[in-house]
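Here is the structure we will look at, set down as C-alpha cells.
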Amino acid sequence: MKHVYLLIQRILSLSYNESKGFFGLFLISTIALVFLFLPKYINRHNPELDASDVQYLDSLSAVLSIKKAPKSMPLFDFDPNKISMDSLILLGVPKKTAITWINYRTKGGKFYTKKDVRKIYGIQDEWVQKAFPYILLPDSSTYRNNKKVKLDLNRASASQLKLTPGIGDIFANRIVKFRESLGGFVTADQLHEVYGITDTSIQSLLDHTYIQKKFIPNKIRINHVEKEKLLSHPYISKNLAEDIIRFREINKTIESEKVLADFKSVDKRNFKKLILYLDFQ
C-alpha cells in the first residue's frame, strides 16, 4: 500500500498523508457505486418469468393461504336438553348465551322441537341454521304432541306469572306493577326494564307467555291529563311532564308527536316507545 500512496503523491503532487486520505476516499466512493448500480445490472440480466411460472407461483400462494385459513367450528349431533355448557361453547355458542341456555334448563325449561332452540335469548339465527341438521329433536312439521298453553303477558295475573319457572312472587308482582304503569307491553324487550329481572327469568317468561299481535296499549291523553298522571308513566320524566303542562298553558294543545319531539326534556332513547302510549286528540 505504501507504493500506492507514493504513486498518488507523485502524480497529484500531494503530501504523503494527503495521498493516504485521497486513496481512502476513492475506495469508499468505488464501493458505494458498486452497491448502487450492481442490483440494477443483475435485474436487467435476469430472465423474465413465463406464464407457466407465474401460474405455478399463484397456485402455490393459494395453497399456502388455504392452510393458514382459520378452522371452522366443529359440529356434531347433540340433544339441547342434555348438552353441557362446554359442548355448547365448542359448537360456537357464545359463553353468555350458553349460560342462559343451561340456566333455562335448570329452571325447568325444555326443548321439544329443533326450532325451540331459537327461544334462547341471544342465540344467533345463523348459528341455528348451521346446527339445525345436528339437533337430535323432531322438526316442528313432524311434532304432533300438545303444546303448553301460554299466558297473555298483558292479561296474566301475578298469581299466574309466579308459576313460571324462575319468576316467583317478587318478579311476578314487579312485572304486573310495571305493566300497569306502562299501559301494557308492546314488545318482549320491555321486560328488560323490569327492575332486577335477569336474562334467564326473561327467557323462561317468554317460553310461557306471548304478546298479542297488533296489541294496542292503554294511552295517555297528553292534552288533558294532570301532571301526576304524566309522572306515573315510566317514559315521562319530571322535566318532560312540567314542559308538557307549561306548553299546554301557552299553546292549548300538543298537536302531534313532531311537536313533542322538539322538547329538550324528551328522552330520545325511549321516544319511539313513548309515542305508542300517547293520544294527541
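Structure data summary
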item	result
R0 of 25 Å, Cβ-Cβ distance LYS150-ASP189: FRET efficiency to nearest 0.05	0.90
Burial ranking of peptide ranges 98-104, 149-155 (average Cβ count within 10 Å, highest at the top)	98-104, 149-155
Residue among VAL176, SER87, ILE135 farthest towards the positive dipole end of the stretch 77-204, charges placed on Cβ	VAL176
Dipole in debye (nearest 20) - the stretch 220-279, about Cα centre, beta carbon charges: Lys, Arg +1; Asp, Glu -1	180 debye
For THR209, distant residues with modelled amide H under 5 Å away	LEU151
Positive dipole terminus of the stretch 144-281, leading residue within VAL225, ALA261, THR164 (C-beta point charges)	THR164
The stretch 107-121 - phi-based ³J(HN,Hα) in whole Hz, Karplus 6.51/-1.76/1.60, Gly and Pro as x	7, x, x, 9, 9, 10, 10, 4, 5, 5, 5, 5, 6, 5, 5
Under Karplus coefficients 6.51, -1.76 and 1.60, residue-wise ³J(HN,Hα) of the stretch 178-187 in Hz, glycine/proline x	5, 4, 5, 5, 6, x, x, 7, 8, 10
Inter-site label distance for GLN160 and LEU231 at 7 Å from Cα along Cβ, in nm	3.3 nm
Under the Karplus curve 6.51 cos²θ - 1.76 cosθ + 1.60, θ = phi - 60°, whole-Hz ³J(HN,Hα) for the stretch 239-246, x wherever Gly or Pro sits	4, 5, 4, 5, 5, 5, 4, 5
The stretch 177-281, dipole about Cα centre (Lys/Arg Cβ +1, Asp/Glu Cβ -1), debye to the nearest 20	240 debye
Greater than 23 Å apart at Cα, pairs in LYS115/LYS162; LYS177/LYS238; LYS162/LYS227; LYS115/LYS150; LYS115/LYS213	LYS115/LYS162; LYS162/LYS227
Inter-probe distance in nm under a simple model that places probes 7 Å from Cα toward Cβ, at ASN251 and ILE170	4.4 nm
Amide H within-cut-off set for LEU278, under 5 Å, with H built and near neighbours excluded	ILE220
Neighbour-count order for THR164, THR97, fewest beta carbons within 10 angstrom listed first	THR97, THR164
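Any read-out appearing in this document is the output of simple, stated calculations on the displayed coordinates, not a laboratory observation. Predicted, not measured: the structure shown is a model, and the values here were computed from it. Cβ: placed from backbone, ideal geometry, glycine included. Neighbour counts: every protein chain shown.
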